[in-house]
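Reading through the structure tokens given below for one structure.
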Amino acid sequence: MTKKISHISKKRREKRKKTGWTEAEIKAALVQERELYKKERLIEKEPDNLVSGDMSKIHEGLDDEK
Amino acid sequence: MKLMHMGAENRYNVLRKQAIRIIQSDLYSRNKHNLKFTTVTSAALQETKKWFSSTKRKVNWNWVDEYGNFKFSYPKRFEAALWQQNDLICISLGRPTYSGSFLRLDVVEARPKDLGGRPNVFDEILLAYGVYARMIGATGICIMNPVNDEVRAYYETFGYAYVSKGDYLFREVT
């Protein structure tokens, strides 16, 4: 019987919690993300002279509670 | 610098370089031989000084001073400099949150376009953060303090959701 994709993703997440990502998995995720960005043509939407962040706040802000 | 701090600096330096190697190898595999990632080297910092001559630059950040402080404070940081041939075209600093659950992208600046043509860069930078986040076991990326609504909307196209309390955008690493 085939397993649901959500079930497989959950199992993968659980495994990563225990063992982390392998280099092969990291590379595969990189390729997958790049393809998605390319498909959505996100690079073309970049604002001119991109800059972001606040240099005066780089030592403060977010803890781990979202 | 304390021994423990030095140990962390050395350990994470290995991870930073490994992340850079992975993203660089991906660039080469797509025949983007004119683009090169490095960590924030002294050469990269020197290049940012040229950006003061831009009339289009939106910030007046002194990367040389800021990097020194950031490096000393955060041995687990991520840092990336993107080059086109011998020209620096983007620089960025970030760090994991205290428990290491998330990776923050704190600041990023692309070379102002009045100093020379360059490709758009943010997707490459974000992909590099994705690689490092996975290497350190972070479960999400936070893009901190978007400078304006235009930039914020741009980040949202990458699937990031704005969190007003804290002024950042968040996405899970899956």
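Taking other C-beta atoms within 10 Å as the exposure proxy, B:T157, B:T139 rank B:T157, B:T139 from fewest upward.
Determine, from the Cβ-Cβ distance of A:I43 and B:A8 and an R0 of 41 Å, the FRET efficiency 1/(1 + (r/R0)^6), rounded to the nearest 0.05. List each step's numbers first, then the result.
On the way: r = 34 Å, r/R0 = 0.84.
Between A:I43 and B:A8 the formula returns 0.75.
Each Lys and Arg Cβ is given +1 and each Asp and Glu Cβ -1; about its Cα centre, the range B:3-172 then shows a dipole of about 340 debye. Full extension of the segment from B:F52 to B:V147, taken as 0.36 nm per residue of separation minus the current Cα-Cα distance, would add 32.3 nm. Comparing B:Y28, B:Y129, B:Y12 in a Gaussian network model of chain B where C-alpha atoms under 10 Å apart are linked, the largest mean-square fluctuation is found at B:Y28. Residues considered: B:L103, B:L115, B:L45. Largest GNM mean-square fluctuation over chain B, using C-alpha springs under 10 Å, is found at B:L115.
Listing B:L3, B:L82, A:L50 from the residue with the fewest other Cβ atoms within 10 Å to the one with the most, what is the order? Don't skip to the answer; put the middle values down first.
Details: B:L3 7, B:L82 26, A:L50 22.
Arranged by neighbour count, lowest to highest, B:L3, B:L82, A:L50 become B:L3, A:L50, B:L82.
When B:D149, B:D106, B:D123, B:D114 are ordered from fewest to most other Cβ atoms inside 10 Å of their Cβ, what list results? Mind dumping the intermediate values first?
On the way: B:D149 8, B:D106 27, B:D123 19, B:D114 11.
Ascending Cβ contact count within 10 Å gives the list B:D149, B:D114, B:D123, B:D106.
Taken about its Cα centre, the protein assembly as shown carries a charge dipole of about 1080 debye when Lys and Arg each add +1 at the Cβ and Asp and Glu each add -1 at the Cβ.
Suppose only helical runs count, i.e. DSSP H with n ≥ 4. What mean residue ellipticity at 222 nm does that imply for chain B under -39500 (n - 2.57) per run, divided by all residues and rounded to the nearest 500 deg cm²/dmol?
On the way: 5 runs with 68 residues, N = 174.
Value at 222 nm, helices only: -12500 deg cm²/dmol.
For the range B:135-145, putting each phi into the Karplus relation 6.51 cos²θ - 1.76 cosθ + 1.60 with θ = phi - 60° gives couplings of 5, 8, x, 6, 9, x, 10, 10, 9, 7, 6 Hz, in residue order, rounded to whole numbers and with x for Gly and Pro. Taking amide H atoms as placed 1.01 Å from N in the peptide plane, the amide H of B:V163 lies under 5 Å from those of B:Y168, B:L169, B:F170, each 5 or more residues away in sequence or on another chain.
Throughout, read-outs are computed from the coordinates displayed, never taken from laboratory work. Quantities reported herein were computed from a predicted structural model and do not represent experimental measurements. With ideal geometry, Cβ positions are generated from the backbone for all residues, glycine too; neighbour counts draw on all protein chains shown.
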